[in-house]
Structure formats: structure tokens, C-alpha cells
1. How many percent of the alpha carbon pairs in the range B:173-274 exceed a separation of 19 Å?
2. Considering the Cα trace of the range B:166-223, what is its radius of gyration and what is Dmax, both in angstroms?
3. Between B and A, buried accessible area summed over both sides at probe 1.4 Å, in Å² to the nearest 100?
4. Output the relative contact order of the range A:2-60, whole-number percent, from Cα pairs under 8 angstrom with separation of 6+ residues.
5. Please report the projected area of the range B:1-67's Cα convex hull averaged over all directions, in nm².
6. Test of understanding: express the Cα radius of gyration of the protein assembly as shown as a ratio to 2.2 N^0.38 Å, with N the residue count.
7. With the alpha-carbon atoms as the only input, what is the per residue convex hull volume for the range A:128-185 in Å³?
8. What number comes out for accessible area per residue over the range A:128-185 if the probe is 1.4 Å? Units Å², please.
Amino acid sequence: MYSASDLRKGLKVEIEGEPWVVSDYDFCKPGKGQALYRCKLKNMITGNTMDKTYRSVEKIGKPNLEEREVFYSYPEGEFFVFSDGETYEEYRLNSKTLGNQVSFLIADASCKILFFNDMPIEVTLPLFIEKEIDQTEPGARGDTATNVTKPAKLDNGYELNVPIFLNEQDVIKIDTRTGEYVERVSKA
Amino acid sequence: MKSNPTSLNDTITAIKKFFVNKGFSEVKTPQVITSPFPEPHIDAVEVDGGYFRTSPELHMKILLAEGQQKIFEVGPCRRKHESGRIHREEFTMLEWYEVGADYNDLIGFTRELLLYVCRETIGSNKVMYNGSLFDFSDPPEIFTLNELFSNFANVSPEEALANFQFEELLTDKIEPQLPLDKAVIVKDYPAELAAFSKLKENDKSIAERWELYLGGVEIANTYTELTDPEEHLSRFAKFAKQRQEAGTPEYLVDPLFLKALELGIPDSAGCALGVDRLHMVLNSLDSI
């Protein structure tokens, strides 16, 4: 169990059987009274948020969280199969857990899965991946400005904005946290 | 208003100048003490040789018993596990005591102090804080805790304490209603929150204590000091019991303080002011 005084931004706690992360935190102690720990919490499974105030005497649950090194293997129906880096055990995650990350899965890429009571709840992908542009308007020759952008599509249908001088089959670097274009890796 | 931010040291220098001009002696009491006062909700940081002081109160009161009349100290204090926007485990406290004064006398005095420090540091009477411009030359607005609770929380402070709602109601219902464009004094706390202040002669349910708010932030705490030795000992015993029930460490009473009680602490008033918070307000900062 955690004490209220352990509460910090980023601390992961368990409330009514679910894992939550403290997304914002403040401490107050009005008029020499009892300390209040005011938290904004985000549910690590559903993404729901709530406000909660703890008093110094309260205890807060510690979630059973474990992070494992894995690599992405292949899609299988509505699931995406990851393999444990050490045991080769396979974990099947659905697109609900992965969200946007589905578009950035690359075979054999090393990732991390966070388990809550042995249930996978969060995947950390490599910070950057490289993908080929599948469809975009032809590049404007000579225009190397990176602040003028146009839409482009990857082979998996993911759309993002890229600088206007890029062409189909150019390989680009994408930030998996934001899903945004970073730089061109190679020309078609 | 000066656009350049001032340093915390400018604030401290201005404070010291004010007190010296007013005939106060600056004192330097020990930072490491044998044992802090056993207040219910304040925990001390253990260090070699005892505890880091949570305030200079204990040794300053010993100095009053030994005959000092007007003393002040500015220096570091520490309180365990207190960390947030306006809390830091180590912070800078100003504390002063004046023999013969009571908590009402310190209202006007504190106003003079704030006005002086504001002029000396930022070169103006006015500060923009929390979206409001306020003028330190305006007199503070004074409310009793009773009227604030009955107007904004529909319960008395005593009922709120009994229902363990005092702190939430104060921060959620009352503090947001306090005027932001002037200094605010909230006075007359219930006896249960007297800490080491004197109870009113004509109403023992009320403690002669006030808190100062600037821009919605609690800045200073003032008492007409408790001087009665027996009442002191009974409060120590009560607070020790509360600490034991809460499972917090036991703080024994420092024998030097017991000796001061025997000598007699003179009738006096004292104020503790958070210097980092004052500096924050003067410089329109969000946190300390």
C-alpha cells in the first residue's frame, strides 16, 4: 500500500481493482489542519479521468504492474501477436489496447508491454519507425521548405502530413508517440 | 512596477530592514533541535542530533521568557512530506514576537511590513497576482472564520471539524470566495485549532489567531501567544495523544522549553510568515 505522502505526479495506484496514474497533483494544508493531497487520475485501461482528494491518514493500493520486453510478430485476425523476448511466450493484444499504435507496428521491432495482474494494458513502441509513403501528390521540385505540408498515406492506410517536396516510395521517419513526420530517411 | 523580477534575497533584506527600523533584534536560534513542538499535523525531518526545526517558535519563546521584548528571525525550516505548488519540504520562514502586543495589534503592523517590503523590492505599492491588481496600502479586509463558514459552507467551523470536513470546506468553498484584490485576514479560529494561541477571555471556544491571505494564498499565521504554563502542558498532552492516534512520531517536550514555562512566557503576540510565498506573490509567480 502507498501512504498519501507517497503521491506524486506519475505514480501508479490501484483504485477499486483498476490501475490509475496520477496525472496531476497538489498538496495543501489549510490553516494548520490535516494535509490534503489533491490528485487528477487517469485510468490506465479506459483512459477515463477523475479528481480525488486524499487525506494524510489514507492508504492507497499499489497495482501489480510488470513490464516485459517483447517484439512484435504478426497480425492474427483482430489480434496482434507479440513474443516475449526471453521466453518466446506469445501475447495477443487487440486494437482497442493498441489504439493508433496499430499503424506503427513493424515486424521484429522491440517493444515493451505493461501488464496489470497479467493483463496487457499498455504497449511502448520504439520511439521512431521508418515507413514508406504509399500515396501522395507528386513532390514540388525545388521546394525544400519543411513548413509547407501535404497529406500522405502509408500502405496500412495511416494518413499524416509531410513536407511538400516528398514523393511516393520515399522512406520517412515517424515519431510513434505523436504519429507525426520527423524527417526523410531515403528518396525513392 | 519594476519589470525585473527581484530575488528572494531582496525580499529577505527588505524584511530585515523593516524590523531593524522598528527596533526589533534579529536572533539566530538553533536549526537542529532536540524535539519539535508536538503539533497534530506537522512532522519534522530527523537529522543528526535531533530534528530540523519546523519553525523557530520554540527557541524564540525561550528567548521571550529570558527577557527579550521584540525579536525576529528569518531562516530555513523543514516539514516532512510537504511538497506541492505552495509547499516545499525546506522553506524560508519569518517569525517575530512582540511582548505586550496581541493578535489585533499585529494586523496593522503586518500591513506596514507588507507595504514596506513591496515598495523596497518591486518599487511600487501594487502587485498583480492571480489575475487581480492589489494595493498594499489598502487596509486588509477582515473576516471571522465563523462568518465565512456560515456564509459559504452553511456549517460552523466546529461542525466541519467534527465531520472531518474542515480542510475541504475551507479550500473548496471558502478560500475561492476571498477577495483577491486586497490582503485578507481570517480571524478567530475554533479552540480546537488554537495550536499555541490564547483563547479569548470572554469566549473560550475561540482562539486569538488569524491567518493572512494574499491573492488567495495563505501567507502568515498569528497568535496572541499562549502563556499559561498549565494550559501549555495540557495542550502538549492533547496533541501528543492526537499524534499517537494518527500513528505519527512522538515528540517529547524540550526540557529547555519546560524551564521557559517555569520562568514565565510574557504576554505577547507572534507571527509566522512564509517568505517564499510572499516572494511568489510579489513577483507574480505561480509556485514557490
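The values are calculated or read from the model by the stated rules, or taken from the named source; none is laboratory data. Treat the numbers as computed from the prediction; the structure is a model and nothing was measured. Backbone-built Cβ (ideal geometry, glycine too); neighbour counts: all protein chains shown. Accessible surface areas use protein heavy atoms only, side chains included; no ligands, DNA or RNA. Shrake-Rupley method; radii C 1.70, N 1.55, O 1.52, S 1.80 Å.
1. Result: 54 percent of Cα pairs exceed 19 Å.
2. Both quantities, over Cα of the range B:166-223: 12.1, 33 Å.
3. Approximately 1800 Å², summed over both chains.
4. Once normalised by length, the contact order is 35 percent.
5. In nm², the orientation-averaged hull projection of the range B:1-67 is 7.3.
6. My calculation over the Cα atoms of the protein assembly as shown gives 1.30.
7. Hull volume over Cα atoms, normalised by residue count, gives 69 Å³.
8. 59
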